[in-house]
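So the structure is just underneath, and the comments pick up after that.
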């Protein structure tokens, strides 16, 4: 009976050791899992920060490109206006020459008429 009692105690001690090892393994797995989650969250936080930085960088680049495009469009319009102004200047000079020629023709006709009147 005493021997049975000792065997039961040994068996219970072995069972307690096994249970404590299982409990220890359980806590180690939980700790590993928690550490893995923290590491994952840290990496994701870093990745998210990198993505936010990249987004800001792309937004700046986009703004710069928009400004360059606006400048190009303004230069294009300026060139169009210069070309039109040049064409208008040319047309004005042509009209001034035509007008001057008409005045000269009129003056010449007036002289001819005055000369014809004097002859009569």
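The values are calculated or read from the model by the stated rules, or taken from the named source; none is laboratory data. Owing to the predicted nature of the structure, the values given are computational and were not obtained by experimental measurement. Here Cβ is always computed from backbone atoms with ideal geometry, including for glycine, and neighbour counts include all displayed protein chains.
Listed values, structure above:
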quantity: Residue among 37, 92, 98 that is at pLDDT below 95 and more than 28 Å from the chain's Cα centre (by Cα); calculated: 37
quantity: Tabulated pairs, region 90-109, first in contact (Cβ under 8 Å) with a residue 24 or more places away in the chain, second assigned to a helix (DSSP H, G or I), C-beta under 8 angstrom, 6+ apart or interchain; calculated: none
